[in-house]
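Here the structure comes first, spelled out in structure tokens, and everything after it is commentary.
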Amino acid sequence: MQRCHSVSIAGVHLPAFGQQPDDFVGVEHVNRIGCGTGRVAEQALRDFPAAEFILADPSKAMRVQTRGRLTNRDSARLTILPPIGNADLEAHVANSTADVITAIQCHHYMQRPERIKALRACREVLKPGGLFVTFKNIAPRTAEGVRFGLAAWKHFLMDNGRTEQETDQQIARYGKELVPITAEEHPDALAQAGFGVVEIFWYSQMQAGFYAIK
Ligand SMILES: C[S@@+](CC[C@H](N)C(=O)[O-])C[C@H]1O[C@@H](n2cnc3c(N)ncnc32)[C@H](O)[C@@H]1O
């Protein structure tokens, strides 16, 4: 088994896993939920050269992009599941088999009961002691916070080359297609899904990162 002293997901280092040798995370089986275009998986394949990866996303279009991006890349340790949502994970992956599951920006389309179901499915698939890492869009706590947060998001998108029209369309999804919950609600949701250790490890504007251990 490959072992590592620290975990860096999407460029964010999780210091809690680097401090004591006993905190080793055996990274053999990694599941990525809502893998999108496969960009982060491409990096993770390089970062964890001995790990096997299972990628899942409900979108056929995303799956096609992932397959295109990762063609010829370590196919022996890569499985791309048929299009499924997170909550259906257990039907495709055996329980208690994954060392790490990541779900990056893919639960904000779900209402609360569906989120809990999806988080429970992740927990079931993890080995005891396995690590769940997730980054989320976060709902600010107040109407003013939403106004400031969306303005900052708009600036960010336009600074990164989006037109004003594209940006307004993206922002208009907030509260309709994108239904984030507050940073405070996430640990509760993870605990409700059965995780014992639940922590926020990064928070900026309307995004936050959490880890949880089965
Ligand atoms: C903003 S993209 C993030 C993609 C990727 N995780 C990344 O960080 O580059 C959101 C992804 O979540 C996927 N998604 C939507 N609903 C989902 C669900 N119920 N379960 C898992 N993924 C979902 C979408 O198809 C899309 O690929």
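Read the figures in this text as sums done on the coordinates, not as results from a lab. In this text the structure is predicted, and so the values were computed from the model without any measurement. When we count neighbours, we look across all protein chains shown, and the Cβ atoms used for this are built from the backbone with ideal geometry, even at glycine.
Which one of Leu157, Leu78, Leu70 is crowded, with 20+ Cβ neighbours inside 10 Å and in contact (Cβ under 8 Å) with a residue 12 or more places away in the chain?
On the way: Leu157 fails: crowded, with 20+ Cβ neighbours inside 10 Å; Leu78 fails: crowded, with 20+ Cβ neighbours inside 10 Å.
Only one candidate passes the filter, namely Leu70.
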### Summary
Here the residues within region 96-122 that are crowded, with 23+ Cβ neighbours inside 10 Å and over 19 Å from Leu55 (Cβ atoms) are Arg115
### Message
If the requirement is being farther than 12 Å from His29 by Cβ, more than 15 Å from the chain's Cα centre (by Cα) and within 9 Å of the ligand (Cβ to nearest atom), which of these qualifies: Ser59, Ser75?
### Response
Ser59
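A quick yes/no check of all residues on (1) farther than 19 Å from Arg147 by Cβ; (2) touching an Asp or Glu at 6+ places or on another chain (Cβ under 9 Å):
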residue	(1), (2)
Gly175	no, no
Phe195	yes, no
Val198	yes, yes
Trp202	yes, no
Ala212	yes, yes
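State which residue is surrounded by the most Cβ atoms within 10 Å (Cβ to Cβ) when the search covers only region 123-154 and only residues that are touching a Pro at 6+ places or on another chain (Cβ under 8 Å) and touching a residue at least 12 places away in the same chain (Cβ under 8 Å).
The initial filter retains those residues of region 123-154 that are touching a Pro at 6+ places or on another chain (Cβ under 8 Å), namely 136-139, 146, 148-149.
Filter once more, so that each one left must be touching a residue at least 12 places away in the same chain (Cβ under 8 Å): 136-139, 146, 149.
Working: Lys136: 25, Asn137: 20, Ile138: 23, Ala139: 21, Val146: 16, Gly149: 20.
Ranking the qualifying residues of region 123-154, first place goes to Lys136.
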